[in-house]
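Chemist: Got a structure for you, written out below as structure tokens; questions coming shortly.
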Amino acid sequence: MNATSRADLFPKLFSLPYQLGVYLAVNAVSDAGLVVDGGDCVMPKADFIAGNHDLRSTLLSPYGKHRIVCTMTAPLPQDSNHERKLSSLLAEVAADGGFSAVLVTGLPFFKLAGVDYEGVAAGITKGSPVADVPALSLEAGWLEGYDLALEALVRLLPAPRRRGRRPGKRPRVAVAGYLFDRGERDHTANLAELGRLLALSGLELVSVLPSGVPFRELARGLEADLVVSLPYGRRAAARLAARSGAALLETGLPMGLKGTSAWLAALRRAAGLRGGLPAAVAAEESMAAGEMAPLLDVLAHRGAVFAGDPHLFGAFVPFAGELRLRVPAAALDSGVREKLPVRPPQLLLLRPDMAAAAAAVAALGGYDKPQLLVGNSFAATEGLAPGLPFVELGFPSYGHHCLNDEPFLGFSGARTLAGRLANALRSGNGPR
Amino acid sequence: MESVVFFGKGGVGKSTIASNVTVVLARGGRKVLHVGCDPKMDSTLALMGRHIPPYAGKAGGGDRLIESVFGSPVPGVHCVEAGGPEPGVGCAGLGIGIMLDAMKDGGLLERAGYGAAVFDVLGDVVCGGFAAPLRRGFAKKVVIVTSETPLSLYAANRLIAMTGNYARNGVYLAGLAVNALRPEGVKTAEAFAAAVNTRVLGATLRDPAVAEAERARLPAVLSSPKSDFARRLVKLCSAIQAAGVPSSPPRALTEEEFRSFIGGGGGPAARPFSARRGGVPSAAAPGKLLASAGFSLAGIEGGQLLFDWTSPRGVFRTVIAPAAASKGGARGFSDWTVCFHPSAGPASEAFGGELLAAAGRLVPLRFEEISAALAAPGGWSGPALRQAGSPAGERSHLGFGSWPRFIFAGSEVDALAPPDSVMAMHGDDECRFCICEGGALGAFSENACVRPGGADMPGPVLPRSDEREPSTGLRSIEAVMGDDEKMLAAMRAAAAQAGPGGLAEFYVGCSPLLLASDAGAAARRVGAETGVEVSLERYCSLGRHSPEKAERRAAFMAGKFRRAARSPSRDVNLVYYGECPPGLRALLDSRGITAEEPGEDFYAGSAAARLQVLSAPDPVLQSALDRAGLRWLLPPAPYGLAGTAAWLEAIAGALGRRGFDAAPPTGTLAAHARLRRRAAGVSAAFVLPAGDAALLAGGGAFRRVPVPAVLAEGGLGLRFFVLARPADGRKAAAALKAALPGLRFPAPVFFSSPQGLARPLKADRSVRLVYSDIRSDGRVTAAGKTPFSSGIFEPGFDGAVETLRRLLELCDWDFNERYFAR
């Protein structure tokens, strides 16, 4: 057997594990804690986020006050009653006082052993509230882990106050299921942009789940009249709406000029506001278009390979179309997908073997040959499109950090991202 | 909704009772779902008249579950079978759990309007997977089917214990359903029920009508409605429906009590017992008792509790273990035993009597209560958290919940995988992501130090990055249906990659281990097919050597060295020197010593040189070189002027060069002296717990760079801040002196708690640098100092000058003092 056939048996898949999604959700709530049932081999996963992707992460602490704790348990030697030990640890973490909410999950072998995390969590009645995140590593990937961890946090929110009628006031909106994968200024700028645009649209953004704020502040989401469900947290959004009785609207990401306006219009309709978007919104859109226009020729009729998560991909493709940028190929790091773009690329690979994906991209020829790589760090480090200018976007982004505002959503985000794409092409910043 | 789970020993008549109860419930007007939770898939046979396809192995959740639900010819009855793998492979418990999760997630019982659900679970509960029906909010009422035989009652006793474990979920034992072999057996079962504080809900007796019904694949209550069995079954069903939560929960007998019961003792008088009802037991009293007897928790080792026992003769490490798990030499108390830990040494034996006297004060406590003391409130670094989260082995530098070390201990010897070997990992995706470079603390990096220059800073890549370390990516379907094929294919591929005479190591991860995958048989089969020995290793031992593993590796490497043997054309080969050989090779070259250029073939490179110069102790490599007849040398690390000269001298000596000049060049000496003058008056500090002084002497700390010596050579002062009790100060100071012979430094500053470090650190104005293997260590920057690590140290004479220049640049840098000092 030669090396090629061996590679077929051991493909290095473009995929991220379930628990990494759980970690991302915990990372995004500043005072949440996570107990992971397993050995210390679970800890390096935090390093895929803290200090590498998110320079502002507090998951790990030089003072030892980590927000992720493991039980140091392995299949052998067997405990006579492992759940009792887990309960003790969980009780102590909950009683610590440093966390407003505590989640618990476990490595897959504990699921095989039938550990009842739901029951163990329910048995902790003192201190911070505790909820389980199902141990689904054998069945699901990082995006499901993120959603289910958010849903667990929503379960722990205190009972909602009665939402009174507010005649004459703006409808309150909670956005749930945002992928707040780091506390840097790409995401904080995104959230500021969404708040600004909702205000211009006659709506009040009361909460984004999650957004780096402490757990208790997330309870403001229960006061909303409308819960906007973003694709990274469908379950969490649905549970939030169910708990508060708010209306639920499922949307994609507000990316690009037309995409953002359509998103805002949908929110207004769902919130019961009549009429089209206010003139101020249209003016913002036009202004952004005017600023982007001079650079668009740089992007026109060029091809980009996308590599990253499917939800970002779903929003990026229409935006690329707005820029006249083609997306002839894409590799997605999760099997989760809601709907493909209207015009999917001719090469679309889900959780592909990276070597095979790189070969497929290299085989694109003629007018389909891409000139730009847009995607996460692994797209570059795995050589998906070597030599191409690279715009690092999505999780993880180990090579691009944001010390200044760099949104990619809303009108500001459209401007910023279009600028990054064009600058990369102009400067030819590859290969990495 | 009526929801009943039937448990019981295999062959006791559980499925017969359960399916007939289903019929009686349906006849009462309920729509009933009968759920078979047994990989034999025969629970629904009588109800369906045929085998039905099981749910096992289907993916896709709730919708696919509906496809597995079949309407029975019996009106009002629907059936579903969990199914499972063939006997002896896969995990049936997991399959049952997945089906029930799908049932719960999809809300099947509610959406389809069932009025009752009957769960018929495999004979004995062998793991948590079979208890899946008892998960919170799913099924609460448990009925244990038993006969009067000892084995059946023994199984029932264990099932009662299991039910107690799920009491927190509202689960309760409704009672026993007795399927007696003889009429008088009912009395035995009733006595057992009394002993465990439960009741007999009803009894059925052996009846030909049942055997006849089974042959006809019909429930007996339908085929022989007037039989004694049918009459008794109807009464049993009524009792089950009427059964509520008992006023006092049952209590399983201990092994001893059960033996006594079977032997005619009758067991203990029925007495209430506090079942697990959520939360953990109060820890205050056990904690106080332990403390008053001189026991303080020191750790957990293999499920046993380690305590430091303070006696008038000193402090001794002891082990308290459950009686069932105790080893020879331990003395029993209550349901636990106590003995000295091996680390207490032979001297401890003289104090055995005193230990037993102290342990005797703990007699009121059961082992469970002693364990519960772990949960005693104690703030963040409470004992349970500290001990549960304190990793052993190579990550011992990072105590979760406790104060991380500034100086990571590192590993004293290398345990690198031999070049050209294959290391395959059979595990899941979480396993695949158990390594990462860089990060907030850098605590899990292979190179745990900050290197200069962003481009060189290690960052994560998509694991596994090395194609010689692939992962099989175990998935749920393989866990349920068996992973033999995947494991076999992976081993064959690894063997093929290794080739004849090659070394293929196959690491079995936690999930396959739990599935009891027979990796040994697969390895033997692949060995027979390919002639390649696939050696099996357990999870988490990638970087560790067992004697057997070390021997295999050494033999493999020796063979490779021998096959690569040729006439040497170079003087030395620098082995595992990482990224710095160019400068060192140039240095050697300037002194007339030729060094092999690094190439693709590790073994050929070694064979091309007369002397192998190792960078670190590596017992496997050393043994392999010895066996192959290759000379090797482990010289001092080439850092600093003196260190580099010593390195050169050692190499020259091994090569037999006489009159060798190992002195630094004059220009280098002058440059170093100029920098040294600038260093006057500034110091670098080390922070360490008292017990860590030996780290400074060498070993694996500082990536084997002699950091204190290089600093001293550069003219920087050395300061030590030691976490120790004042009483231990003299001992700690002596340990420091012993670890750093020949170096001069003032008496260490002692601090008694992590919080107490900032003040003395900040107060010493001469201290500009603090060593820390943690990136941008907040404990250092908060004191206005600059952290540094061995990553900025460069080897060789030129490297010594560059290192000193970097250190002085850091000393001049006031960024942290200006912006982060608190």
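Chemist: In percent, what relative contact order does region A:300-401 have, based on Cα pairs under 8 Å that are 6 or more apart in sequence?
Modeler: 30
Chemist: Could I ask something else about it? Report, to one decimal in Å, the Kirkwood hydrodynamic radius for the protein assembly as shown based on all distinct Cα pairs. Please report the intermediate quantities before stating the final value.
Modeler: On the way: mean 1/r = 0.0293 Å⁻¹.
By the Kirkwood definition, the hydrodynamic radius is 34.2 Å.
Chemist: Turning to a different aspect of this structure: Relative to the Cα centre, what is the charge dipole magnitude of region A:300-401, using +1 at the beta carbon of each Lys and Arg, -1 at the beta carbon of each Asp and Glu, and rounding to the nearest 20 debye? Numbers along the way, then the final one.
Modeler: Details: 8 positive and 8 negative charges, 71 e Å.
In debye, rounded to 20, region A:300-401 gives about 340.
Chemist: Let me ask something else about it. Quick check on the exposure proxy: order B:Val315, A:Val298, A:Val102 from fewest to most C-beta atoms within 10 angstrom.
Modeler: Fewest-to-most ranking of B:Val315, A:Val298, A:Val102: B:Val315, A:Val298, A:Val102.
Chemist: Name the residue from B:Val620, B:Ala652, B:Leu641 whose Cα lies farthest towards the positive end of the charge dipole of region B:556-652, charges +1 on Cβ of Lys and Arg and -1 on Cβ of Asp and Glu.
Modeler: Of the options given, the answer is B:Val620.
Chemist: Taking the number of other C-beta atoms within 10 Å as the exposure measure, put A:His53, B:His545 in order starting with the fewest.
Modeler: Ascending Cβ contact count within 10 Å gives the list B:His545, A:His53.
Chemist: Which net charge results when you count Lys and Arg as +1 and Asp and Glu as -1 among the other residues whose beta-carbon is under 10 Å from that of A:Ala422?
Modeler: Residues near A:Ala422 contribute +2 overall.
Chemist: Hey, could you get me the Stokes-Einstein D for region B:667-819, Kirkwood radius over alpha-carbon pairs, 10 °C and 1.306 mPa s, rounded to whole µm² s⁻¹?
Modeler: My calculation gives 101 µm²/s for D.
Chemist: Suppose a student asked you for the relative contact order of region B:2-265, using Cα pairs under 8 Å spaced at least 6 residues apart; what percent would you report?
Modeler: Relative contact order here is 22 percent.
Chemist: Let me ask another. Identify unpaired cysteines across chain A, taking unpaired to mean no other cysteine Cβ lies under 4.7 Å from the residue's Cβ.
Modeler: Those would be A:Cys70, A:Cys402, since no other cysteine Cβ in chain A comes under 4.7 Å of theirs.
Chemist: Which of rounded, prolate or oblate describes chain A when judged by the alpha-carbon gyration tensor and an a/c cut-off of 1.5?
Modeler: Details: a/c = 2.11, a/b = 1.17, b/c = 1.81.
Since a/c reaches 1.5 but b/c is at least a/b, the shape of chain A is classed as oblate.
Chemist: Taking neighbour Cβ counts within 10 Å as the exposure measure, how do A:Val317, A:Val35 sort from fewest upward?
Modeler: Final ranking by Cβ density, sparse to dense: A:Val317, A:Val35.
Chemist: When Rg is the radius of gyration of the Cα atoms in region B:556-652 and Rh is its Kirkwood radius, what does Rg/Rh come to? Don't skip to the answer; put the middle values down first.
Modeler: Numbers: Rg = 12.8 Å, Rh = 13.5 Å.
Taking Rg over the Kirkwood Rh, I get 0.95.
Chemist: Is there a quick way to get the dipole size of the protein assembly as shown? I mean about its Cα centre, with the Cβ of Lys and Arg at +1 and of Asp and Glu at -1; what is the value in debye to the nearest 20?
Modeler: Roughly 2740 debye for the protein assembly as shown.
Chemist: With a ≥ b ≥ c taken as the square roots of the eigenvalues of the C-alpha gyration tensor of region A:300-401, please select rounded if a/c is under 1.5 and otherwise prolate if a/b is larger than b/c or oblate if it is not?
Modeler: Working: a/c = 1.19, a/b = 1.05, b/c = 1.14.
Rounded, because the longest to shortest axis ratio a/c is under 1.5.
Chemist: Which distance in Å, rounded to a whole number, links the C-alpha centroids of region A:192-217 and region B:743-790?
Modeler: Each part's Cα centre sits 42 Å from the other's.
Chemist: Assign one of three labels to region A:18-155, namely rounded, prolate or oblate, based on the Cα gyration tensor with a ≥ b ≥ c the square roots of its eigenvalues; rounded applies when a/c is under 1.5, prolate when it is not and a/b is larger than b/c, and oblate otherwise.
Modeler: rounded
Chemist: Taking springs between alpha-carbon atoms closer than 10 angstrom, which of A:Gly97, A:Gly259, A:Gly177 fluctuates most in the Gaussian network model of chain A?
Modeler: Highest fluctuation of the listed residues: A:Gly97.
Chemist: Could you give the spread of the C-alpha atoms of region A:247-296 along their three principal axes, from largest to smallest, in whole angstroms?
Modeler: Its Cα atoms span 41, 22, 8 Å along the three principal axes.
Chemist: Right, another one. I need the calculated FRET efficiency for the pair A:Leu403 and B:Arg822, taking r as the beta carbon distance and R₀ as 22 Å, to the nearest 0.05.
Modeler: Numbers: r = 22 Å, r/R0 = 1.02.
Once the sixth-power term is evaluated, E becomes 0.45.
Chemist: Can you tell me the relative contact order of chain A? Whole percent, Cα pairs under 8 Å, sequence separation 6 or more.
Modeler: 16
Read the figures in this text as sums done on the coordinates, not as results from a lab. Model, not experiment: these values are computed from the prediction. All Cβ positions, even for glycine, are placed from backbone atoms using ideal geometry, and neighbour counts span all protein chains on display.
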